Amino acid sequence: MLIRSPRCHEPKPSEITPESLFRRRREFLRVSAASLLLAPAALHAGRLEPGREIVEEKNSAFSTSEEQTPFDKASRYNNFYEFGTHKSDPERLSGDFQPLPWSVQVDGACMKPGTHDLEDIIQPHKLEERIYRLRCVEAWSMVIPWVGIPLGSVLSRFEPTGNAKYVAFTTVYRPEQMPGQKRSVINWPYVEGLRMDEAMHPLTLLTVGMYGRVLPNQNGAPLRVVVPWKYGFKSIKSIVRIQFTERRPPTSWNLKAPREYGFYSNVNPDVDHPRWSQRKERRIGDFFKRETLQFNGYAEQVAQLYTGMDLREQF
Ligand SMILES: Nc1nc2c(c(=O)[nH]1)N[C@H]1C(S)=C(S)[C@@H](COP(=O)(O)O)O[C@H]1N2
Ligand SMILES: [Mo]
C-alpha cells in the first residue's frame, strides 16, 4: 500500500506549460495522456491497483468546501470489521488482501444480470471527485475527496425492472485474507441495502478511489459505495454482489442489533442511538465537537425522499 500525502493543487493538463510539462512529464503522462490517447483496453490495464493515481473530473456542484481530513487520518482510522474491530486494525491487517482481479455479480430484478469485471463496471473516463462528509454512527466524522461514478448511472445499465424496489449489496467473504472474518462479530458476509430511489439518487457514489488515488484496502478496495447522508455503516466496502430485490433486504447492523440500527440509518441529530446521543459529532482531527446536521447536511438534496415518513419509526 502506498501512503503519500494527497496532492493539493495538481494543475489541469490545460494549465501545464511546456516548461512545467517537462518537469512534471512523468506525472502528466500517467494522469492525463493515458486516459486521452490510449485504446480502452490499454487504458484499463492495472489502473485500479491500490495507491495508483486516477483521473477524475472535480465535481464542485456536489462537493463541500470544508477542510479535508488528512489522508493519513482517513486511511488509518477505519471501520472495516473484516480486518478487526479496532480503528487501526484495517490499516495494519489488510496488507494480504488482494483487491485485483475483481468481479461483481449483478442479479435479481433486472433485464441484464451478469458477472462483470471491475473494469467493466467502472468506466475510468467517467470518474468524478466529490468531497463528501461521512458521519459514523459512533459520532465522529471526516471530509474525504472520494473518486467514483454515480451509482445510479451504473445500475441503470443493468436495466432494473419494475419489481426492483431495493438494491442489496454484499461484501466479499475471504477469511484467509480478512482476519476479522475468522471471528463471528458479524454474520459474514457483511450485507447492506438501499431503497431504489436512494440508490439512484445523484449523491450516491460508487467509489473506487480517494484523494486522487485508487482506494487503499482499508477503505474498501476495490469497490465500495458512499452514501453521505447516512451513517457510515451503510457505505459498504469491497462489494462482490449487487442484487435488485422486491423486498427490503437484510442489513448486517440491523440483523445484529435491530433496536440500535434501522434499515434507513439516515443521519438524524433528533433521534438518539439507544446508548448515546447523535446531537454532536467530532470531526476527526478537531478538538471541539460540532452539531450534527439533519441528513448530515444534505437535507436540501435528499429530504424529499422521505416525505410522509416518520423518521423516528423508520430510523
Ligand atoms: N464491509 C464493510 N463495510 C463497511 C464497514 C465494515 O465493517 N465492513 N464499516 C462501515 C462503517 S461503520 C463506516 S463508518 C465506514 C467507514 O469507512 P472509512 O473507514 O473508509 O471511512 O465503512 C462502512 N463500511
Ligand atoms: Mo461507522
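Quick notes on this structure:
- Accessible area, probe 1.4 Å, largest first, for residues 194, 293: 293, 194
- Accessible area of residue 115 in the full protein assembly, 1.4 Å probe (Å², nearest 10): 100
- Per the Debye formula on identical point scatterers at the alpha carbon atoms of the chain, with no solvent, log10 I(q)/I(0) at q = 0.08, 0.15 Å⁻¹ is -0.35, -1.30.
- For the chain, the carbon plus sulfur part of the accessible surface works out to 52%, probe radius 1.4 Å.
- With DNA, RNA and ligands ignored, accessible area of residue 224 (1.4 Å probe; Å², nearest 10): 10
- Listed by chain and number, the lysines whose C-alpha is less than 28 Å from the C-alpha of residue 237, apart from same-chain residues fewer than 8 away, are 58, 73, 87, 112, 126, 165, 182, 256, 280, 289.
- Residue 96 accessible area, 1.4 Å probe, all protein chains in place, Å² to nearest 10: 110
- GNM flexibility winner over the chain from 82, 56, 159 (Cα, springs under 10 Å): 159
- For region 63-105, a/c is not less than 1.5, where a ≥ b ≥ c are the root eigenvalues of the C-alpha gyration tensor, and a/b does not top b/c. That puts it in the oblate class.
- 63, 265, reordered so the largest accessible area comes first (probe 1.4 Å): 63, 265
- Relative contact order (%) - the chain, alpha-carbon pairs under 8 angstrom, separation at least six: 20
- Calculated from backbone phi, Karplus (6.51, -1.76, 1.60) coupling profile of region 206-216 in Hz, x at Gly/Pro: 7, 10, 10, x, 8, 6, x, 10, 4, 3, x
- Fluctuation leader among 150, 222, 101 - the chain, Gaussian network, Cα springs under 10 angstrom: 101
- Alpha-carbon centroid distance for the pair region 282-312 / region 115-133, whole angstrom: 26
- Region 143-269: C-alpha gyration tensor shape, a/c 1.5 cut-off, then a/b vs b/c: rounded
The values are calculated or read from the model by the stated rules, or taken from the named source; none is laboratory data. If you're wondering where the values come from, they're calculated on a predicted model, not measured in any experiment. SASA here: full protein model, heavy atoms, side chains in, ligands and nucleic acids out. Shrake-Rupley method; radii C 1.70, N 1.55, O 1.52, S 1.80 Å.
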